[in-house]
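Accompanying notes for the structure given below.
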Ligand SMILES: [Zn+2]
Ligand SMILES: [Zn+2]
């Protein structure tokens with residue numbers, strides 16, 4: 001993916017913090033001094049950050065021939081505007097500066113899709129959910145049924161298929177309980193609406209996976225239905241038996257990606273399942289009110305859904321979490337993982 005590699009991220013976090021100690025606002029930086037090793041590292045960081053902003057839609061894409069040599073802030077106002085929009089979209093304090101929290105988020109591996117600005121979509125200030133441009137959704141009449149199937153040739157061998165099927169059934173049920181859409185597993189992979197598989201590296205859709213951590217999965221907007229998980233991850237269905245420090249909770253990722261498959265983009269609400277990052281060994285299994293409002297704006301409400309049922313499920317889930325000693329936290333952004341989504345406009 002077009003992401004900063006782990007090596008680059010490590011370098012970036014160290015050198016950028018050094019940079020931040022000297023200048024709180026990179027947008028005001030002057031032309032770098034190449035006589036200093038320190039400054040050369042700084043300009044490397046600036047270039048990486050600009051590349052990141054271009055990649056995710058915050059700065060205009062440049063002529064290809066100019067990218068490699070572009071290490072100066074020739075358009076500081078444009079850059080500051082990019083920082084402000086980025087902070088807004090990611091739910092960060094809006095300072096307009098590359099403060100620690102912002103830089104930490106920039107360094108966090110994340111989704112490959114450019115962020116959609118939420119500000120022009122929402123009619124109400126409290127809404128944070130975001131749709132994809134054009135607001136694609138499954139166009140069948142509601143109540144609708146969507147089928148899903150697993151690619152038999154593209155599974156992982158260390159997790160039992162029955163466990164994988166149970167995880168996905170729970171994940172689909174989460175969404176199906178709030179909208180008038182039912183999800184049914186089928187063996188007919190070729191005709192399934194949603195096609196799920198684990199893939200390694202370059203797998204033919206132009207978005208190669210990148211090995212352990214980094215990008216975890218990606219899915220496509222309606223009505224493509226393609227749902228790809230990175231086979232290089234250590235996928236976990238139970239952290240009691242899966243002890244790896246880099247284990248990723250399969251169900252949390254499945255819930256997030258299903259949101260994309262239904263038409264939701266990333267939310268700026270950190271508790272939402274549609275927030276783009278997830279830490280190793282962390283879980284995010286409960287739809288937030290933001291997730292529910294977003295998906296119901298696309299499909300309407302399941303007649304059996306009530307707000308109180310959502311709150312009750314949240315309370316019981318939190319009690320369960322407390323019993324297992326798990327910890328929820330939205331900090332330590334650099335340790336987060338990627339949830340990826342791909343745009344398909346013309347399927
Ligand atoms: Zn793919
Ligand atoms: Zn995502």
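Some points to look at:
- Test: residue in the range 185-194 that is within 24 Å of residue 299 (Cβ to Cβ), modelled with pLDDT under 95 and within 16 Å of ligand 1 (Cβ to nearest atom): no
- Residue that is within 16 Å of ligand 2 (Cβ to nearest atom) and over 25 Å from residue 133 (Cβ atoms), where the choices are 188, 210: 210
- Looking only at the range 79-95, residues that are assigned to a helix (DSSP H, G or I), closer than 18 Å to residue 266 by Cα and at pLDDT 90 or above come to 5 in all.
- Single condition residue 288 does not satisfy, out of (1) touching a residue at least 40 places away in the same chain (Cβ under 8 Å); (2) over 14 Å from residue 176 (Cβ atoms): (1)
- Residue ID - nearest to ligand 1 (Cβ to nearest atom), chosen from residues in the range 226-237 that are touching a residue at least 60 places away in the same chain (Cβ under 8 Å) and in a loop (DSSP other than H, G, I, E, B): 231
- Conditions (1) surrounded by 24 or more Cβ atoms within 10 Å (Cβ to Cβ); (2) within 16 Å of ligand 1 (Cβ to nearest atom); (3) under 22 Å from residue 145 (Cα atoms); number of the one not met by residue 215: (3)
- Residue 304, sole failed condition from (1) in a strand (DSSP E or B); (2) more than 16 Å from ligand 1 (Cβ to nearest atom): (1)
Rundown of residues vs (1) at pLDDT below 85; (2) out of contact with any strand residue (DSSP E or B) (no Cβ under 7 Å at 6 or more places or on another chain); (3) surrounded by 16 or more Cβ atoms within 10 Å (Cβ to Cβ), yes/no style:
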{"position": "45", "(1), (2), (3)": "yes, yes, yes"}
{"position": "51", "(1), (2), (3)": "yes, yes, yes"}
{"position": "63", "(1), (2), (3)": "yes, yes, no"}
{"position": "67", "(1), (2), (3)": "yes, yes, no"}
{"position": "71", "(1), (2), (3)": "yes, yes, yes"}
{"position": "77", "(1), (2), (3)": "no, yes, no"}
{"position": "97", "(1), (2), (3)": "no, yes, yes"}
{"position": "101", "(1), (2), (3)": "no, yes, no"}
{"position": "106", "(1), (2), (3)": "yes, yes, yes"}
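- Annotation note: of 223, 251, the sole residue that is at pLDDT 95 or above, crowded, with 17+ Cβ neighbours inside 10 Å and in contact with a helix residue (DSSP H, G or I) (Cβ under 7 Å, 6 or more places away or on another chain) is 251.
- Residue in the range 255-277 that is free of Cβ contacts under 8 Å to residues at least 12 places away in the same chain and within 14 Å of ligand 1 (Cβ to nearest atom) present: no
A quick yes/no check of all residues on (1) touching a strand residue (DSSP E or B) at 6+ places or on another chain (Cβ under 6 Å); (2) closer than 19 Å to residue 148 by Cβ; (3) modelled with pLDDT of 95 or more; (4) within 16 Å of ligand 1 (Cβ to nearest atom):
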position	(1), (2), (3), (4)
198	yes, yes, yes, yes
206	no, no, no, yes
211	no, no, no, yes
239	no, no, yes, no
280	no, no, no, no
296	no, no, yes, no
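- Single condition residue 252 does not satisfy, out of (1) within 12 Å of ligand 2 (Cβ to nearest atom); (2) in a strand (DSSP E or B): (2)
The values are calculated or read from the model by the stated rules, or taken from the named source; none is laboratory data. Fair warning: this is a prediction, and the values are worked out from it, not measured in the lab. Please note: Cβ atoms are built from the backbone with ideal geometry, for glycine as well, and neighbour counts cover all protein chains shown.
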